[in-house]
Amino acid sequence: MDSLVFGQRLKYYRKRNNYTLVQLGKIISKPAPYLSQLENGIMEPRVTLIRELASALDCTPSDLLDPEPPNRRAGLEIELRRLQDEPQNKQRKLPYLRPSSRMPDEILEHIIGLYSALEEDNTFTISNPNTPKNIARNSNKDLRSEMSSKNNYYEEIETIAQSILNSLDYPGSGPVSERILMDVCDHFGFSVKRAENIPQTTRSITDQREKIIYIPQRNDLSTRASRSVVLQTLGHYALDHEVADDVGTYLRQRVESNYFAAAILAPEKPAVDFLQKAYESMDISIEDLQEIFYISYEMAGHRLTNLATQHLGLTLHFLRSDDEGVVWKAYENDGVPLPQGIDGTIEGEHLCRNWGTRQAFHTQDSLSLHYQYTDTPSGKYWCVTHVEADRVPYHAVTIGTTADQAKWFRGSDTKRFSTSHCPDKECCNTPRASVRQHWQGVAWPSARDRSNVSSGLPLPARSFSRFPGVDMVEVYEFLERQESQ
């Protein structure tokens, strides 16, 4: 049994019968201090005593042994007790708090919330916000806020991309052909070469002396993906980027170069024309946008967020997360309640288990599109999730909007509904009491190895490296091999 829960249930039934500890003790021939220890979870009763207590309190033994707290107040007191008993909280040497009957529930909830916030992100240190990881997280938060304020639409990048396509005789509709893609490379004076053994920390390597962009072989990088990589690389030159001296600049350049690639591969005018027709038919689909312009599902999702608010008046949210629900990328201008750390960042946080983004991994066919409505504390939202099977572990890309705007999208007639109460811990982050009681102290899982960049942010730059997350030793050795061939 859980002695804390048993103690609260004993107290509940004792008070329901209007007994003091002394009065109950006389009925069952036990001293009041002993009963007090039972109610405080310090001791566990024998089975025979449980029967006697049940008889005296006009209830059944199963009523006393029920693994659920008898009411919300009891649950709060149990949670506070457990938090104070955790080793890391004992090390903080805070005064031990025993809530009296006069203490309001709101105060207990507030104290529990403070304890939870302390553990929410134990890597974030307010005393030292200038650590590489905290600088990266804060830069990412600021950049995401800017993107939302712009509705993720960067007119200056759209203009640059369109002027390049105009100079290369793009026909004005359909996907960008391989010939035009090579013409874009020629426009900047570069050629593209596939090479073996490109360092795993890079998506491409540019030899600025010889004007060559190296990308992985086709068995490591598909043709569709390679188009994006080449244009993302060229984006740095199209947008006059300098080598970043800080993580904030690096992240901004990354967003801008990715935007440039999408603006070339799915040009604004034909993409808007297509979306406008889909809007009028109430049949907007990321999958269609993906196929028409021969781009990845993720890029199609990004492109929709670029154009939908500006040209269709629709607000959206975008998520990429892994199979554990950890957020790698996020954007919203529709008010969806994304999880946040104590520093306000979203990347690296866990999504609610009830959201479509995570539910998609548990359907009968997890690789088909998953449509779902979810009630949240901020309102009802609709989303469509695509699971990327070519990543290890699998990743999910989700595009969503408010329920009242869902009618413009394919899949809005879905019958999948869910409810999320996150960030309330009782929503999905606390095991059911009966299950917890059955397995607590018995289960011993072994954690899976993970990347130390679970949030998708770049690694702190190594010494002599000005490119976060890149192993420059491998890069230089690779270029040496290429030059000697």
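Using a 10 Å cut-off on Cβ atoms, rank the peptides 85-91, 169-175, 228-234 from the highest mean neighbour count down.
Result, highest mean first: 228-234, 169-175, 85-91.
Using the beta-carbon distance between residue 429 and residue 375 and R0 = 25 Å, what value does 1/(1 + (r/R0)^6) give for FRET efficiency, to the nearest 0.05?
0.90
If the cut-off is 27 Å between C-alpha atoms, which lysines fall inside it for residue 11, apart from same-chain ones fewer than 8 positions away?
Within reach: 26, 30, 90, 425.
Using only Cα atoms, locate the centre of the range 68-95 and the centre of the range 137-155, then give the distance between them in Å, rounded to an integer.
Using only Cα atoms, the two centres lie 39 Å from each other.
What list of ³J(HN,Hα) values in whole Hz, one per residue of the range 273-279 in order, does the Karplus curve 6.51 cos²θ - 1.76 cosθ + 1.60 (θ = phi - 60°) give from phi, with Gly and Pro shown as x?
Per residue, the Karplus-derived 3J(HN,Hα) values read 4, 5, 5, 5, 5, 5, 5 Hz.
What's the angle, to the nearest 10 degrees (0 to 90), between helix 3-16's Cα axis and the longest principal axis of the chain?
That helix lies at roughly 50 degrees to the long axis.
What is the Å³ per residue value for the convex hull set by the Cα atoms of the chain?
Details: hull volume 88.2 nm³, N = 485.
So the per-residue hull volume is 182 Å³.
Just check the range 133-205 against the gyration tensor rule for me: Cα atoms, a ≥ b ≥ c as the square roots of the eigenvalues, rounded for a/c under 1.5, and otherwise prolate or oblate depending on whether a/b exceeds b/c.
Because a/c hits 1.5 or more and a/b fails to exceed b/c, the range 133-205 counts as oblate.
Rounded to a whole number of µm²/s, how large is the Stokes-Einstein D of the range 1-70 at 20 °C and 1.002 mPa s, given Rh as the Kirkwood radius over C-alpha pairs? Don't skip to the answer; put the middle values down first.
Numbers: Rh = 11.6 Å.
Translational diffusion coefficient: 185 µm²/s.
In whole Hz and in residue order, list the ³J(HN,Hα) couplings for the range 288-304 that follow from phi through the Karplus curve 6.51 cos²θ - 1.76 cosθ + 1.60, θ = phi - 60°; x for Gly and Pro.
5, 4, 4, 6, 5, 9, 6, 10, 6, 4, 5, 5, 4, x, 4, 5, 5
Compute the separation of the alpha-carbon centres of the range 329-387 and the range 158-193 and state it in Å as a whole number.
35 Å
Give the residue list of chymotrypsin sites (Phe, Trp or Tyr not before Pro) in the range 173-219 that are DSSP loop and have at most 15 other beta-carbon atoms within 10 angstrom.
Hits after loop and neighbour filter: 188.
If you line up the long axis of helix 247-265 against the longest principal axis of the chain, both from Cα atoms, how many degrees apart are they, to the nearest 10?
It works out to around 60 degrees.
Please list the non-local residues whose amide H lies under 5 Å from the amide H of residue 380, H modeled 1.01 Å from N, same-chain partners needing a gap of 5 or more.
Those lying under 5 Å, H to H, from residue 380 are 403.
Once amide H atoms are placed 1.01 Å from N in the peptide plane, what residues at a sequence separation of 5 or more from residue 388, or on another chain, have their amide H within under 5 Å of its amide H?
Residues meeting the amide H criterion: 395, 396, 397.
Pairs of alpha-carbon atoms within less than 8 angstrom and 6+ residues apart define the contacts here; what relative contact order does the range 1-70 have, in percent?
Numbers: 72 pairs, mean separation 33.2, N = 70.
About 47 percent, as a whole number.
Amide H to amide H under 5 Å from residue 329: which residues, 5+ apart in sequence or cross-chain, H placed 1.01 Å off N in plane?
Close amide H contacts, sequence-distant or interchain: 320.
No value in this document is a laboratory result; all are computed from the given coordinates. Since the structure is predicted, the reported quantities are computational estimates derived from the model, not experimental observations. Here the Cβ is made from the backbone with ideal geometry for all residues, glycine too, and neighbour counts use every protein chain on show.
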